[in-house]
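To start, the structure under review is shown below, and the notes come after it.
The values are calculated or read from the model by the stated rules, or taken from the named source; none is laboratory data. A quick note: this is a predicted structure, and the numbers were derived from the prediction, not measured. Note: ideal-geometry Cβ built from the backbone for every residue, glycine included; neighbour counts use all protein chains shown.
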Amino acid sequence: MGEIAVSLWRGKADGSYQVYRVPQRDNQTVLDVVTWVQRNVDPTLAYRFACRVGMCGSCAMTVNGRPRWTCRTHTAKVVKNGNLEIGPLANLPIIKDLACDLRPFFEKWQKARAVFSPGLTRKDAIERIMPTTAARLAADAAIECINCAVCYAACDTVRWNADYLGPAALNRAWTLVNDVRDTANPQRLAAVAAAGGCHACHSHQSCQQHCPNALNPTASIAGLKRHTMQAYLKGELE
Amino acid sequence: MNVRLYVLQRASAAFMAPLLLIHLGVIFYASSRGFSAADILARTRGSLFWGGFYAAFVAAAATHAAIGVRVIASEWTRWRGRSLGALMWACGLLLAALGVTAVAAVVLT
């Protein structure tokens, strides 16, 4: 097989793309390409990965202009005329090269109260959850998020509005709104109904378009809009 | 945008939709009949119905547009704080004043 001319982002926000020539292989992923450069050309190349099998959500990067999980993206699918461009995720500060600072992303999870708040202790019996209830089905449809921040990087509203909590945090909040074991819904609904919350979403649906796990955060956010609006009309939210 | 503004903007849009259709219908009707300005004014002057109809339309449009301008300003210019609320109120009051002036011109003699 031939070679790929790989443009890799080097440096911080004021950095630039540099081209490396990488041998193309069968079943080669974009993460394999980055690793090849780091091990064979420049060991100072910074990037992030862990599981390599699409579970940990660490290796997301911008590939040919769109955010992707690089460990599950084959080069055969994305190389165009022998060229490939790999950059850091958008909408996040660049630490170095392909590694972004994910603190704003996870701080917004906290701000959305997208954290499970159980009402039982280990001394209580395990609660039985019926998998067929409407609430559980809604939670299950949104639960497989791997925190990769692809949706956050793809979101126009995140780019325009620094206060916007983003699709991943709101999607997680929606799973908890539908979790009968959770006890923090009044506070959670208040958090997602404030400025920068679910009502800032324009429903462009880039999140569901790019989500590697085929989740639909736009639908989750629409659910939050309905729930918060009902709570507001009942006088439960200011 | 918070939930209060969201509800207000959606409610004003839902309220405005049928009024807008009636408004367009009136325009087509008046055009197709070849009404002059005097013909139209003869029907609207002193009319409580048309005065109330367009006053409600103006209130909904001013509410809806002012909240929309607030969102656009915050996203395009990163405008925040109380002055952003002041912009929304100023926009809403200006639109309401312009609308009420127009309604008064065709309803009051």
(request) Note down all Cβ pairs under 7 Å where the first residue falls in the stretch A:179-192 and is more than 22 Å from A:E127 (Cβ to Cβ), the second is in a helix (DSSP H, G or I), and they're at least six residues apart or on different chains. (result) A:A191/A:K111; A:V192/A:L170; A:V192/A:A173; A:V192/A:C198; A:V192/A:L224; A:V192/A:T228
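Scan A:D101, A:D163 and give me the residue that is under 19 Å from the mean Cα position of the chain (by Cα) and without any contact (Cβ under 8 Å) to a residue 12 or more places away in the chain.
Within the list A:D101, A:D163, the selection yields A:D101.
On the given criteria, is B:S74 within 14 Å of another protein chain (Cβ to nearest Cβ) and small (G, A, S)?
Numbers: within 14 Å of another protein chain (Cβ to nearest Cβ): yes; small (G, A, S): yes.
Yes.
Condition check ((1) more than 19 Å from A:R188 (Cβ to Cβ); (2) among the aliphatic types (A, V, I, L, M); (3) surrounded by 13 or more Cβ atoms within 10 Å (Cβ to Cβ)) across all residues:
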{"residue": "A:K96", "(1), (2), (3)": "yes, no, yes"}
{"residue": "A:L102", "(1), (2), (3)": "yes, yes, yes"}
{"residue": "A:K108", "(1), (2), (3)": "no, no, yes"}
{"residue": "A:A112", "(1), (2), (3)": "no, yes, yes"}
{"residue": "A:K123", "(1), (2), (3)": "yes, no, no"}
{"residue": "A:A154", "(1), (2), (3)": "yes, yes, yes"}
{"residue": "A:L165", "(1), (2), (3)": "no, yes, yes"}
{"residue": "A:A168", "(1), (2), (3)": "no, yes, yes"}
(request) Determine the pairs where a residue that is at the interface with chain B (Cβ under 7 Å from one of its Cβ atoms) and over 12 Å from A:N216 (Cα atoms), located within the stretch A:194-206, has a partner that is among the hydroxyl-bearing types (S, T, Y) and not in a loop (DSSP other than H, G, I, E, B) with Cβ atoms under 7 Å apart, the partner being 6 or more residues away or on another chain. (result) A:H199/B:Y6; A:A200/A:T157
(request) Search the stretch A:210-234 for residues that are within 14 Å of chain B (Cβ to nearest Cβ) and closer than 30 Å to A:C71 by Cα and pair each with any residue that is of a type outside the set (G, A, S) and surrounded by 22 or more Cβ atoms within 10 Å (Cβ to Cβ) when their beta-carbon atoms are under 6 Å apart and the residues are at least 6 apart or on different chains. (result) A:I221/A:L170; A:I221/A:C198; A:I221/A:C201
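Looking for something within 14 Å of chain B (Cβ to nearest Cβ) and either of a type in the set (K, R) or free of Cβ contacts under 8 Å to residues at least 24 places away in the same chain (or both) - is there at least one such residue anywhere in the stretch A:126-138? Step through it out loud before you land on a result.
Going through the stretch A:126-138, the residues within 14 Å of chain B (Cβ to nearest Cβ) turn out to be none.
No - not one qualifying residue is present in the stretch A:126-138.
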(request) May I ask you to say which residue of A:A139, A:A162, A:A195, A:A173 is closer than 27 Å to B:R78 by Cα, aliphatic (A, V, I, L, M) and modelled with pLDDT of 95 or more? (result) A:A173
(request) Starting from residues that are surrounded by 15 or more Cβ atoms within 10 Å (Cβ to Cβ) and aromatic (F, W, Y), keep the ones in the stretch B:36-56 and report whichever is nearest to the other protein chains (Cβ to nearest Cβ). (result) B:F53
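Take the stretch A:166-187 and flag every residue that is in contact with a strand residue (DSSP E or B) (Cβ under 8 Å, 6 or more places away or on another chain), of a type in the set (K, R) and part of a helix (DSSP H, G or I). Talk me through it step by step, then tell me what you get.
Step one: list which residues in the stretch A:166-187 are in contact with a strand residue (DSSP E or B) (Cβ under 8 Å, 6 or more places away or on another chain), which gives A:176, A:181-183.
Now drop any that are not of a type in the set (K, R), which leaves A:181.
Hits for the stretch A:166-187: nothing passes.
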(message) Checking B:V103 against (1) more than 30 Å from A:A194 (Cα to Cα); (2) over 11 Å from the mean Cα position of the chain (by Cα); (3) part of a helix (DSSP H, G or I), only one condition comes out false. Which one?
(response) (2)
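Name the residue that is farthest from the other protein chains (Cβ to nearest Cβ), counting only residues in the stretch B:9-29 that are within 24 Å of A:A193 (Cβ to Cβ) and touching a helix residue (DSSP H, G or I) at 6+ places or on another chain (Cβ under 6 Å). Show your work before the answer.
Kept after step one, since they are within 24 Å of A:A193 (Cβ to Cβ), are these residues of the stretch B:9-29: B:9-16.
Narrowing the set further to residues that are touching a helix residue (DSSP H, G or I) at 6+ places or on another chain (Cβ under 6 Å) leaves B:9, B:12-13, B:15-16.
Working: B:Q9: 9, B:S12: 14, B:A13: 13, B:F15: 15, B:M16: 18 Å.
By that ranking, first place goes to B:M16.
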